[in-house]
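*Asks:* Pasting a structure here, questions to come.
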2 protein chains.
Amino acid sequence: MKYELYYWPGIPGRGEFVRLALEEAGADYVDVARGGPKDTGGMPAMSDAMSDAKTATPPFAPPILRAGKLLIAQTANILMYLGGKHGLAPTAEAGRLFANQLQLTMTDFVKEAHDTHHPIAAGLYYEDQKPEARRYTEIFLKERMPKYLGYFERVLDQNPKGDKYLIGGKLTYPDLSLFQVVEGLRYAFPDATRRAERRFPLAVALHDRVAERPRIRKYRASPRCIPFNESGIFRHYPELDG
Amino acid sequence: MKYELYYWPGIPGRGEFVRLALEEAGADYVDVARGGPKDTGGMPAMSDAMSDAKTATPPFAPPILRAGKLLIAQTANILMYLGGKHGLAPTAEAGRLFANQLQLTMTDFVKEAHDTHHPIAAGLYYEDQKPEARRYTEIFLKERMPKYLGYFERVLDQNPKGDKYLIGGKLTYPDLSLFQVVEGLRYAFPDATRRAERRFPLAVALHDRVAERPRIRKYRASPRCIPFNESGIFRHYPELDG
């Protein structure tokens, strides 16, 4: 089965968490809205998936994954599905629930990272909410980022199977997501992240371990991987990197 | 098995979504941090659950549910678990994924509703972010609230089993959560919500249907149900109800 991923074509965004799982799984997929050499339908196809008046499972927003007859939205939900199908999630109930719990905590973290540049409204430009962004970001970098990273550090530290992965003794999808969050923070706030990272060596080591996985390396060197930019979730505005 | 719910004792908050599912299920549970006639441990017990250095599944924040050996956090994750155990979730894969998808969209909605009074930081007082709150709320009420309510209206409208419930032909846990969101919006923004509701008759009818369920009625008339107040997610500040 070939998966269809629907996501905004110009940014890594929340779609990247799904792409990393698809790539690590070696899954066959097409990034529909990006088009490409063989036309995949592009943005009109994504609009169609969004507004489909017949589906019993309408999505609120991308990313969306079509998997055969299933149309699945919400990043953590897509990852739970893919994790189960491709050996990227624990099989026992406690582990499956914990993977989802970690991913939902990642969702909260990513939302707050996004709001550093859009604290008032996603529908306004950054330029229209700069004073508020500065105020939000100062507290995010001082309190929230360390709190979240400290939490994942603690999860690694308390893992009874060792501190190499968030759950058990092998890679699961929240590991891939933590990698992406660290990448994003380094891009958006290089100074603040470099300083903060010293306190979270296990999380940084997990990031590095994911970066070295053959399929992840290959993917990130390919044109399929969209670089961070100032339209996405993690944006580098030097004036915010306190 | 007696469940243990850990949540801040003075507010409905995110714990209320879990309480509604427990009550509708007729489950045996104790609201640990609230204490009560038989001492349940109160806040110290919640702190212990939060900081437990032995657990392999540490929580980031309440609500937390202890279910036998499981310690489960993140509202949508707890609801997915309870939904499956108590007949409040679909049994087929597509339905289970869609229930989770809807709940995660509810999570996003609730976070934005919270941020109307705390757009800069949850760690600051409302009084320290009033101008930003006013700006945030204006856009929330004009654009975001109708967008989310319109989405759930569409889900009801496109349900192939009829428009009485979000999924299939009977109640599932996202129905309970939508009820609570409508209740919260009515409390926080009575004027704006009354005006907005006219456009979403199916969502309002679902709210009313949930309110009339015998176990929900009984629960809401009991002292177990904490009224909305100005320490929770949904707060009534008249100056924000544009």
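The values are calculated or read from the model by the stated rules, or taken from the named source; none is laboratory data. Quick caveat, the model's predicted, so the values are computed rather than measured. Heads up, the Cβs are rebuilt from the backbone with ideal geometry, glycines too, and the neighbour counts pull from every protein chain shown.
*Asks:* Looking only at the range A:60-86, filter to residues that are touching a Ser or Thr at 6+ places or on another chain (Cβ under 9 Å) and outside any helix (DSSP H, G or I); which one of those is farthest from A:Leu22 (Cα to Cα)?
*Replies:* Step one: of the range A:60-86, the residues touching a Ser or Thr at 6+ places or on another chain (Cβ under 9 Å) are A:60-61, A:63, A:70-76, A:79, A:83-84.
Filter once more, keeping what is outside any helix (DSSP H, G or I): A:60-61, A:63, A:70-74.
Working: A:Phe60: 22, A:Ala61: 19, A:Pro63: 13, A:Leu70: 16, A:Leu71: 16, A:Ile72: 14, A:Ala73: 15, A:Gln74: 15 Å.
Checking each candidate, the answer is A:Phe60.
*Asks:* At pLDDT 95 or above, more than 7 Å from every other protein chain (Cβ to nearest Cβ) and under 22 Å from A:Phe189 (Cβ atoms): does that describe A:Leu124? Spell out the reasoning first.
*Replies:* Details: at pLDDT 95 or above: yes; more than 7 Å from every other protein chain (Cβ to nearest Cβ): yes; under 22 Å from A:Phe189 (Cβ atoms): yes.
For A:Leu124, the condition - at pLDDT 95 or above, more than 7 Å from every other protein chain (Cβ to nearest Cβ) and under 22 Å from A:Phe189 (Cβ atoms) - is met.
*Asks:* Let me ask something else. Being over 18 Å from A:Val110 (Cβ atoms), out of contact with any strand residue (DSSP E or B) (no Cβ under 7 Å at 6 or more places or on another chain) and facing chain A (nearest Cβ under 10 Å) is the filter here, so list the residues in the range B:69-95 that pass it.
*Replies:* The first filter runs over the range B:69-95 and keeps only residues over 18 Å from A:Val110 (Cβ atoms), leaving B:69-72, B:78-95.
Within this subset, residues satisfying the condition of being out of contact with any strand residue (DSSP E or B) (no Cβ under 7 Å at 6 or more places or on another chain) are B:69-70, B:79-80, B:82-93, B:95.
Within the range B:69-95, B:Lys69, B:Leu70, B:Met80, B:Gly84, B:Glu93, B:Gly95 meet the criteria.
*Asks:* I need the full set of residues from the range B:139-180 which are more than 10 Å from chain A (Cβ to nearest Cβ) and among the polar types (S, T, N, Q), in order please.
*Replies:* If the condition is that a residue be more than 10 Å from chain A (Cβ to nearest Cβ) and among the polar types (S, T, N, Q), then B:Thr172, B:Ser177, B:Gln180 are the ones that fit.
*Asks:* Further question on the same structure: Exactly one of (1) of a type in the set (A, V, I, L, M); (2) over 17 Å from A:Leu97 (Cα atoms); (3) within 14 Å of the chain's Cα centre (by Cα) is unmet by B:Ala33. Its number?
*Replies:* (3)
*Asks:* Moving on to the next point. Could you tell me whether any residue of the range A:193-205 is in contact with a Gly (Cβ under 7 Å, 6 or more places away or on another chain) and farther than 25 Å from A:Gly162 by Cβ?
*Replies:* No.
*Asks:* Is it true that B:Tyr6 is in contact with an Asp or Glu (Cβ under 8 Å, 6 or more places away or on another chain), at pLDDT 95 or above and either over 21 Å from A:Phe98 (Cα atoms) or of a type outside the set (Lys, Arg) (or both)?
*Replies:* Details: in contact with an Asp or Glu (Cβ under 8 Å, 6 or more places away or on another chain): no; at pLDDT 95 or above: yes; either over 21 Å from A:Phe98 (Cα atoms) or of a type outside the set (Lys, Arg) (or both): yes.
Here the answer is no, as B:Tyr6 does not meet what is asked.
*Asks:* Mind checking which helices (runs of 4 or more DSSP H) fall wholly inside the range A:119-192 and carry at least 3 residues that are within 30 Å of B:Lys147 (Cβ to Cβ), within 18 Å of the chain's Cα centre (by Cα) and in contact (Cβ under 8 Å) with a residue 24 or more places away in the chain? Explain how you work it out, then say what you get.
*Replies:* Details: elements: A:130-139, A:145-158, A:173-188.
Answer list for the range A:119-192: A:173-188.
*Asks:* Another question about this same structure. What are the residues in the range B:63-80 that are at negative phi and buried (at least 22 other Cβ atoms within 10 Å of the Cβ), if any?
*Replies:* Going residue by residue through the range B:63-80, those that are at negative phi are B:63-67, B:69-73, B:75-80.
Within the range B:63-80, B:Pro63, B:Ile64, B:Leu65, B:Leu71, B:Ile72, B:Ala73, B:Thr75, B:Ala76, B:Asn77, B:Ile78, B:Leu79, B:Met80 meet the criteria.
*Asks:* Is there any pair with a first residue in the range B:47-75 that is without any contact (Cβ under 8 Å) to a residue 40 or more places away in the chain and a second that is of a type in the set (D, E, K, R) and not in a helix (DSSP H, G or I) whose Cβ atoms are under 7 Å apart and which are 6 or more apart or on different chains, and what are they?
*Replies:* Matching pairs, first to second residue: B:Pro58/B:Asp52.
*Asks:* Is at least one residue of the range A:16-25 part of a loop (DSSP other than H, G, I, E, B) and of a type outside the set (Val, Ile, Thr)?
*Replies:* Scanning the range A:16-25 turns up no residue that is part of a loop (DSSP other than H, G, I, E, B) and of a type outside the set (Val, Ile, Thr).
*Asks:* Same structure, new question: Please verify whether the range A:229-236 includes one or more residues that are within 23 Å of A:Gln101 (Cα to Cα) and surrounded by 17 or more Cβ atoms within 10 Å (Cβ to Cβ). Don't jump to the end; show me each part of the working.
*Replies:* Let us first name the residues in the range A:229-236 that are within 23 Å of A:Gln101 (Cα to Cα), namely A:233-234.
Applying the additional criterion that residues be surrounded by 17 or more Cβ atoms within 10 Å (Cβ to Cβ) yields A:233-234.
Yes: the range A:229-236 contains one or more residues that are within 23 Å of A:Gln101 (Cα to Cα) and surrounded by 17 or more Cβ atoms within 10 Å (Cβ to Cβ).
*Asks:* Report yes if B:Arg195 is surrounded by fewer than 16 Cβ atoms within 10 Å (Cβ to Cβ), charged (D, E, K, R) and touching a residue at least 24 places away in the same chain (Cβ under 8 Å), otherwise no.
*Replies:* Values: surrounded by fewer than 16 Cβ atoms within 10 Å (Cβ to Cβ): yes; charged (D, E, K, R): yes; touching a residue at least 24 places away in the same chain (Cβ under 8 Å): no.
No: the conditions fail for B:Arg195.
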